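Heads up: the structure comes next, in structure tokens.
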Amino acid sequence: MVAEKRGSGGKTGAGRVVTAWRTDIFRRLAMPLGEVVGGPTAKALESLKLHTVADLLGHLPRRYLAGTETTDLAGLEPGEDVAVVARVQQMTHVQTPARSRGAPYKIGRERLEVVLTDGTGALNVTFFGRDFMVRSWQAQLSKGVKGIFVGKVGIFRNQLQMTHPNFVMLDSRGQIVSRANEEKSSMVAMVSRSGLVGIYPATSKIPTWRVGECANFVLQTLDDVGDPMPAALRDRLGLPKLLDAYAEIHRPDSLVGAERGVARLKFDEALALQVTMAYRRADASHYTATPVHPRADGLLAAFDSRLPFELTPGQRAVSDEIFADMALPRPMQRLLQGEVGSGKTVVAVRAMLAEVDAGRQAVLLAPTEVLASQHLDTVRSLLGDLGAGQILGAPDEATEVVLFTGSLTAAQKRDALARIADGRAGIVIGTHALLSDQVDFAGLGMVVIDEQHRFGVEQRAVLQRRAELAPHLLVLTATPIPRSIAMTVFGDLEISTLREIPAGRQDVQTTVVSIRDHPAWLGRAWERIGEEVAQGRQVFVVCPRISISDDDVFADDEHPPSAAVEELHAQLARGPLRDVSVGLLHSRRATADKEATMAAFNAGELDVLVATTVIEVGVDVPNASMMVIMDADRFGISQLHQLRGRIGRGAHPGVCLLVTHVDADSPAGRRLAAVAASRDGFELAEVDLQQRREGDVLGASQTGGRSTLRLLSVLADADLIAETRQIAEELVAADPDRVDAWLADMVTATEIDAAGDWLERS
């Protein structure tokens with residue numbers, strides 16, 4: 001059986017993996033949609049990131065409206081999904097002039113404003129799009145013509161409004177007037193049937209009623225498959241059969257039934273995740289590792305004696321936890337989370353040095369080459385001549401610190417590989433390139449992974465398989481993780497937390513700069529940068545996009561497009577910052593150019609660095625005292641906190657300006673206010689979790705997209721997660737060898753999803 005390797009939130013990636021499913025239901029759910037609904041329809045469903053039967057059936061209605069019912073305009077309430085029958089009373093084509101609104105580029109958009117009436121009230125309908133799209137809508141929405149409009153009622157300027165409703169127009173006899181009669185009839189049939197009608201997330205390529213038709217068709221093809229969950233467990237929990245759950249969701253007779261169906265799917269999702277974690281923990285308990293005990297006379301002791309500062313009590317406590325794990329004959333599996341600037345790197349270096357003292361090697365794996373290079377500089381700076389290896393004059397206990405990345409020259413790679421293979425390199429720092437088969441370790445004893453959300457279990461396992469005995473694993477993250485997230489995403493790891501900030505860290509004053517209300521404030525921000533540079537300090541300017549040619553899904557008539565680094569860099573270098581040196585950094589630049597730019601900024605040769613979030617983690621420039629984040633509302637709370645952590649790391653207090661066009665009372669505005677009001681990353685993580693999808697709290701994408709979790713909310717479903725964890729422990733204890741086909745398939749499906757998710761994000 002060929003199953004799709006799915007990415008974030010069940011999204012299908014480019015790769016395919018062969019999966020021998022052991023249950024009929026999992027095999028059928030993994031079938032590509034093209035084999036069930038046909039190629040053209042499957043192609044349309046791809047616009048919703050739906051590729052398999054499971055993807056489609058797990059694509060749930062956002063809301064339901066009552067079939068056979070249309071709503072009078074006079075009775076509309078904001079937030080309702082409704083179907084209304086009304087006439088076009090008025091139609092206005094609005095051509096929005098191109099404008100900059102403080103951005104370094106211009107844009108123009110058009111919209112069609114329609115007023116509907118049914119004799120009881122009025123409703124404004126708005127469509128946004130390019131000129132040819134507006135002309136198409138105008139051709140269909142003739143004044144005085146009646147139609148059926150399906151959508152969600154909102155409020156704009158104190159008036160009821162629908163934006164982009166689905167619609168069909170009717171003639172005097174009530175017959176559909178459309179060139180796409182089949183598709184339009186499908187909508188009318190859905191709206192007209194008895195019971196509830198699901199309103200699905202949809203696109204222009206496949207509207208909501210077509211999604212519902214496809215889900216019902218696919219469901220009919222599964223009517224002969226059994227439920228994989230044992231009946232005894234299902235009865236004990238009061239859950240419906242899986243196919244019954246899907247039917248209650250996609251063909252509901254009542255909201256109670258739909259809720260019962262969703263409850264089954266949420267339970268299955270939570271249980272699958274917890275069973276997977278339980279098996280990982282069970283597997284890890286059987287591995288053998290070399291116990292490591294810190295020496296009183298080795299490299300670690302020499303390092304500690306040279307530290308120019310005192311370790312915080314938190315650093316000492318966490319180090320004790322790590323060393324206690326390393327002293328056991330099984331591999332450590334520990335996550336170290338800590339505030340930005342809490343000193344995680346020093347703790348990790350101490351653990352790696354203890355491993356080197358034991359005659360083994362340690363690897364530090366970073367998600368990007370920029371971050372790997374930063375780690376190399378940091379570790380070498382911390383070690384001094386203790387990292388000089390066999391160089392004349394180096395201490396006897398010294399080791400070598402070697403970098404291995406994909407951009408090294410052939411000669412550099414050969415030299416690094418030789419030093420790794422013969423054991424001269426006690427500490428190896430690198431990227432995904434370390435996962436390649438050409439890397440051969442002399443004796444790998446520890447793997448340190450920076451930013452867990454960029455590396456998955458599969459990638460960890462690659463390095464772990466390179467060792468004769470299982471290496472100790474230490475995972476670092478600067479994203480504070482609420483306990484509820486830790487129970488799901490990091491359920492196979494023990495967790496240590498650093499909350500203290502070492503002495504000497506400077507305060508960072510954070511201010512929201514609303515250029516919607518005060519356009520002149522942006523000019524003042526550029527002046528403020530000049531003042532900071534005049535005092536000998538350096539500044540970051542961060543943008544959400546690389547180029548204006550990149551899609552900006554947030555831009556609309558009310559929200560101008562977000563800033564792009566290439567255009568803003570050019571504008572600043574020619575304009576308000578022409579008297580200072582301004583560098584450019586983003587992910588699409590050549591590796592050598594990125595390294596050269598970062599090195600110049602580190603050395604103080606650049607005053608200002610205009611960059612994307614490539615500087616989010618690991619960048620340490622003590623002289624950087626100011627950051628301007630353009631269109632800060634495009635970022636999540638945790639990401640803003642991470643970015644802000646790049647300044648105030650030296651002798652000078654920091655200034656962070658959050659530039660935005662959004663209203664202060666909007667959700668995005670309140671999010672920015674929360675960041676400005678607090679520097680407690682753990683407090684902000686909880687706020688972020690409440691406002692955004694949990695996968696985005698940890699993931700590379702901070703734009704509100706789907707997470708690995710499809711239905712679960714780790715905040716709202718904490719009790720369910722805890723319940724399924726206990727059930728998973730019972731199931732795994734009764735079946736340690738994965739004889740049960742249901743458990744085995746749950747793990748397989750979860751691993752496919754998770755691996756794809758992490759790989760995609762890396």
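Out of everything in the range 561-579 that is in a loop (DSSP other than H, G, I, E, B) and among the small types (Gly, Ala, Ser), what residue ends up being surrounded by the most Cβ atoms within 10 Å (Cβ to Cβ)? First the steps, then the outcome.
Filtering the range 561-579 for residues in a loop (DSSP other than H, G, I, E, B) gives 561-563, 575-579.
Those still in the list that are among the small types (Gly, Ala, Ser) too: 562-563, 575.
Details: 562: 21, 563: 26, 575: 11.
Out of the qualifying residues, it is 563.
Would you say residue 620 is under 30 Å from residue 683 (Cβ atoms), in a loop (DSSP other than H, G, I, E, B) and not hydrophobic (A, V, I, L, M, F, W, C)? Criteria met by residue 620.
The residue pairs whose first member lies in the range 47-64 and is closer than 15 Å to residue 753 by Cβ, whose second member is surrounded by 23 or more Cβ atoms within 10 Å (Cβ to Cβ) and acidic (Asp, Glu), and whose beta carbons are closer than 7 Å, counting only pairs six or more residues apart or on different chains, are 51/4; 52/4. Among residues that are touching a Phe, Trp or Tyr at 6+ places or on another chain (Cβ under 8 Å), under 23 Å from residue 643 (Cβ atoms) and of a type in the set (A, V, I, L, M), residue 376 is not included.
Identify, please: which residue in the range 624-637 is out of contact with any Phe, Trp or Tyr (no Cβ under 9 Å at 6 or more places or on another chain) and part of a loop (DSSP other than H, G, I, E, B) and is, among those, farthest from residue 662 (Cα to Cα)?
Restricting to residues being out of contact with any Phe, Trp or Tyr (no Cβ under 9 Å at 6 or more places or on another chain) and part of a loop (DSSP other than H, G, I, E, B), the top hit is 636.
Going through the range 268-307 one residue at a time, which ones are in a loop (DSSP other than H, G, I, E, B) and at pLDDT below 85? Across the range 268-307, the qualifying residues are 286, 287. Quick check on the range 527-542: of everything there that is assigned to a loop (DSSP other than H, G, I, E, B) and of a type outside the set (Lys, Arg), which residue is surrounded by the most Cβ atoms within 10 Å (Cβ to Cβ)? That would be 536. For the range 301-311, the criterion of being under 24 Å from residue 398 (Cα atoms), touching a residue at least 60 places away in the same chain (Cβ under 8 Å) and polar (S, T, N, Q) is met by no residue.
Out of contact with any Gly (no Cβ under 8 Å at 6 or more places or on another chain), surrounded by 18 or more Cβ atoms within 10 Å (Cβ to Cβ) and under 29 Å from residue 34 (Cα atoms): is that true of residue 239 in this structure? Against the criterion (out of contact with any Gly (no Cβ under 8 Å at 6 or more places or on another chain), surrounded by 18 or more Cβ atoms within 10 Å (Cβ to Cβ) and under 29 Å from residue 34 (Cα atoms)), residue 239 does not qualify. Considered as a group, the residues in the range 50-89 that are assigned to a loop (DSSP other than H, G, I, E, B) and modelled with pLDDT of 90 or more include one that is farthest from residue 160 (Cα to Cα), and that residue is 51.
The number of residues in the range 642-654 being of a type in the set (A, V, I, L, M, F, W, C) and within 27 Å of the chain's Cα centre (by Cα) comes to 2.
Within the range 310-324, identify whether any single residue is crowded, with 21+ Cβ neighbours inside 10 Å, at negative phi and touching a His at 6+ places or on another chain (Cβ under 9 Å), and answer yes or no. There is at least one residue in the range 310-324 that is crowded, with 21+ Cβ neighbours inside 10 Å, at negative phi and touching a His at 6+ places or on another chain (Cβ under 9 Å). Can you name the residue in the range 380-406 that is crowded, with 20+ Cβ neighbours inside 10 Å and among the aliphatic types (A, V, I, L, M) and, of all such residues, is farthest from residue 619 (Cα to Cα)? Going through the qualifying residues, I end up with 398.
For the residues 657, 643, 684, the requirement of being crowded, with 21+ Cβ neighbours inside 10 Å and over 30 Å from residue 536 (Cβ atoms) singles out 684. Which of the residues spanning the range 580-617 are outside any loop (DSSP other than H, G, I, E, B) and either without any contact (Cβ under 8 Å) to a residue 24 or more places away in the chain or within 20 Å of residue 409 (Cα to Cα) (or both)? Within the range 580-617, 591, 592, 593, 594, 595, 596, 597, 598, 599, 600 meet the criteria.
Give the range 320-362 a look and list any residue that's charged (D, E, K, R) and within 18 Å of residue 296 (Cβ to Cβ), or say none.
If the condition is that a residue be charged (D, E, K, R) and within 18 Å of residue 296 (Cβ to Cβ), then 320, 350, 355, 357 are the ones that fit.
Within the range 226-236, is even one residue among the charged types (D, E, K, R), part of a loop (DSSP other than H, G, I, E, B) and closer than 24 Å to residue 199 by Cα? No, the range 226-236 contains no residue that is among the charged types (D, E, K, R), part of a loop (DSSP other than H, G, I, E, B) and closer than 24 Å to residue 199 by Cα. A single member of 673, 651 is of a type outside the set (S, T, N, Q) and part of a helix (DSSP H, G or I), and it is 673.
Screening the range 319-342 for residues that are part of a helix (DSSP H, G or I) and acidic (Asp, Glu) and picking the one that is farthest from residue 277 (Cα to Cα) gives 320.
The values are calculated or read from the model by the stated rules, or taken from the named source; none is laboratory data. All of these numbers come straight from a predicted model, not from anything done at the bench. Because the Cβ atoms are built from the backbone with ideal geometry, glycine has one as well, and the counts that use them run over all protein chains shown.
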